[in-house]
Amino acid sequence: MSTTHRPRLRLRLRARARRLPLRLRLVAGFAAAMIVVLSASGAFVYWRVDYALDRRLDTDLAAEAAALRPLLDASGALRADPAATDPALSDFQVLDATDRVVASGTGLGTAPLLSPATLERARRGPVTVEVGSLLPISARPLRLLAQPLSFTSRDVLVVGVRRDERDEALRELIAQLTIAALGTLVITTAVGERLAKAALAPVERYRAQARSIATGATGVRLDVPAGRDDEVTRLGRTLNEMLDALERSLARERRFLDDASHELRTPLTLLLTRVQLALRRPRSSTEHEAVLAELQTDITQLAALAETLLAIGATTGTATGGPGETGDVARVARSLADADPAPGLPQGWDLDAPAAGTTPVPLSDARLRQVLLNLLTNAHLHGAPPVLVAVRPLSTPDGDVVVMTVTDDGPGIPAAFLPRAVERFHRSDAARARPGAGLGLSLVHALIEGCGGELRLCSHGVHHRFDRRFDIACAHPTQGTTATVVLRTAGSRLSS
């Protein structure tokens, strides 16, 4: 196969492997790993047995060579008949410097069994050589030991033993290891397949339930066993939590769209009505200017509503204004207090705050300004003087925090409305007669929640916390309405 076709073949094989079911891929991987482990274990056992048997043969060869040496003179000639001394000493050869057999026993014959290269190595030191193969079976398997007859001559003594029993033991070992490995592989693969099927059964059940959810079923959740805590059940719980969050998000968005459509319909209808009335009859320049002024007022309110909606959308996930950006609550509060009173804010509100630079929080100055401006606007529109803004740093067992309160002496917020006060476009019955679209507290809550803070609304002794993150008691007048913002200090680590 050409080298250019090999990468294509590998890519095709990988693509086909990816299309296989996950259970089959798991079983195949498990089987491959078992083959490697069983092969390595079998090879180790075979090597150890082979090594032990060879050492036994080498011991016999060394004993045979030691018994033959006294029967040979320096030239390799026999002083006595080895068979007469010990009938077992029949497997030997003595070769001279020309690689010719000068003496031999009946077991090895008169033909040289070793090559000239092997004999040359034997003249420098003992050499062990095997004749005949294990598989296929040889008719005459031998293990030979060749060593120099003496240091002063080039004669070589070769002794040998039959390997029949050793080879038969190794062949039997190979057969037994193969049968055991195949049986182990079959059993472990079958068990692995059943385990993979059982482990993936909940995933398949989750998939079927997720398909029903994708087709439009509502309120359906994955069937997660209550008494288990493995990876699959944790995945199921996480998916159920994700589905809950998605449903809540969809419900909020649907409610937001309904409320936004309702709130935008009124100013748009008013604009259309004014235009239709202006076009109903000829008008003077003065009348047209009056109509345009009315239209400008309506368009300004509509633009302010759109800007607030965009601001709320921009706070999602980016409340701090950038990674590592911080702001100073006291500095922002003092800059607003020192500036000229702006329209829509309380005239002459009081500030109780430490020096700037002592209250850094993980929220930019621009975002902090939005928070304070919206709280002051609410106090001006729905409360009554005096209005007090207080900023105080606190040290708690969980870390350092900054608490900012905006208090007014107005009629307050109905207790039943407090939990819904931060929902978009939601206003109490008394507040509907006043300017505003019900988005100020929604924007404040989004900003505070996005940076890990907590917003509280307290009115005439009734307290409501929207995010229970800090174990800090409220400290403000019981009369009127107080909006409390709790922010962790920049760099502080909270345990909860």
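Computed values, structure above
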item	result
Inter-residue pairs, beta-carbon under 7 Å, first within 11 Å of ALA31 (Cβ to Cβ) and in the range 178-197, second aromatic (Phe, Trp, Tyr) and surrounded by 13 or more Cβ atoms within 10 Å (Cβ to Cβ), 6+ apart	THR189/PHE30; GLY192/PHE30
Which numbered condition ALA245 misses (of (1) part of a helix (DSSP H, G or I); (2) surrounded by 11 or more Cβ atoms within 10 Å (Cβ to Cβ))	(2)
Positions within the range 170-185 being surrounded by 14 or more Cβ atoms within 10 Å (Cβ to Cβ) and either among the acidic types (Asp, Glu) or under 17 Å from VAL131 (Cα atoms) (or both), in sequence order	LEU170
Verdict on ALA31 being of a type in the set (Gly, Ala, Ser), at pLDDT 80 or above and part of a helix (DSSP H, G or I)	yes
Flag for ARG424 being within 38 Å of the chain's Cα centre (by Cα), in a loop (DSSP other than H, G, I, E, B) and either modelled with pLDDT of 75 or more or of a type in the set (Ser, Thr, Tyr) (or both)	no
Top-ranked residue in the range 444-476 [being farther than 14 Å from ILE413 by Cα and of a type in the set (Gly, Ala, Ser); ranked as surrounded by the most Cβ atoms within 10 Å (Cβ to Cβ)]	GLY453
Some residue of the range 69-86 being out of contact with any helix residue (DSSP H, G or I) (no Cβ under 6 Å at 6 or more places or on another chain), closer than 23 Å to ARG124 by Cβ, charged (D, E, K, R) and modelled with pLDDT of 85 or more	yes
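The values are calculated or read from the model by the stated rules, or taken from the named source; none is laboratory data. Keep in mind it's a predicted model, so treat the numbers as computed, not measured. Don't worry about glycine lacking a Cβ; one is built from the backbone with ideal geometry, like all the others, and counts go over all protein chains shown.
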